[in-house]
Amino acid sequence: MAQAPNHPAPTISTHVLDTELGAPAAGIHVTLYRILDDGRALRLTQAMTDDDGRVRDLLERPLVAGDYRLEFALGPGAFFERLSLDLHVADAARSYHVPLLKSGFALTTYRGS
């Protein structure tokens with residue numbers, strides 16, 4: 001079903017902020033997987049955060065209800081090198097935004113709007 005111009009297609013997005021530096025975290029590698037019924041993870045897309053620390057559309061296809069995994073590669077040598085989050089999408093008619101706040105000592109994420 002086509003979306004009206006003022007109603008973009010639902011997607012999964014993220015925004016990574018480096019709270020230690022007080023700035024967006026540009027260049028973070030983010031991968032989105034679909035979790036299949038047998039538990040295997042199927043890679044859908046991968047992208048790098050832009051200069052504002054954002055990936056505006058990780059899906060690049062119609063959103064369907066189900067389970068997904070969002071994986072952040074935070075860098076070799078850091079205490080937190082990788083973070084994986086499993087998400088359940090119940091309503092495919094809305095978008096899902098998952099911000100990540102990172103520092104050398106803590107990670108925080110939440111369901112954004």
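If we only count strands (runs of 3 or more DSSP E) wholly inside the range 22-113, which ones have 3 or more residues that are surrounded by 13 or more Cβ atoms within 10 Å (Cβ to Cβ) and of a type outside the set (V, I, T)?
Working: elements: 29-35, 41-48, 66-73, 82-89, 96-102, 107-109.
In the range 22-113, 29-35, 41-48, 66-73, 82-89, 96-102 are the strands (runs of 3 or more DSSP E) which contain 3 or more residues that are surrounded by 13 or more Cβ atoms within 10 Å (Cβ to Cβ) and of a type outside the set (V, I, T).
Which residue pairs have Cβ atoms under 6 Å apart, sit 6 or more places apart or on different chains, and have a first residue in the range 76-97 that is over 16 Å from G27 (Cβ atoms) and a second that is among the acidic types (D, E) and open to solvent by less than 80 Å² (accessible area, probe 1.4 Å)?
So the pair list comes out as S84/E71; H88/D67.
Within the range 1-13, identify whether any single residue is modelled with pLDDT of 95 or more, of a type outside the set (F, W, Y), over 11 Å from the mean Cα position of the chain (by Cα) and in a strand (DSSP E or B), and answer yes or no.
No: the range 1-13 contains no residue that is modelled with pLDDT of 95 or more, of a type outside the set (F, W, Y), over 11 Å from the mean Cα position of the chain (by Cα) and in a strand (DSSP E or B).
Could you give every pair whose Cβ atoms fall below 9 Å, whose first residue belongs to the range 17-39 and is under 16 Å from E81 (Cα atoms), and whose second residue is exposed (fewer than 11 other Cβ atoms within 10 Å of the Cβ), counting only separations of at least 6 or pairs across chains?
Sorted first by the residue in the range 17-39, then by its partner, the pairs are E20/F105; A26/D51; G27/D51.
When you scan the range 16-51, how many residues do you find that are within 15 Å of the chain's Cα centre (by Cα) and under 20 Å from P76 (Cα atoms)?
16
The values are calculated or read from the model by the stated rules, or taken from the named source; none is laboratory data. From a predicted model like this one, the values you see are computed outputs, not experimental measurements. FYI the Cβ positions are ideal-geometry reconstructions off the backbone, even for glycines, and counts take in every protein chain you see. With ligands, DNA and RNA removed, areas are computed over all heavy atoms of the protein, side chains included. Shrake-Rupley method; radii C 1.70, N 1.55, O 1.52, S 1.80 Å.
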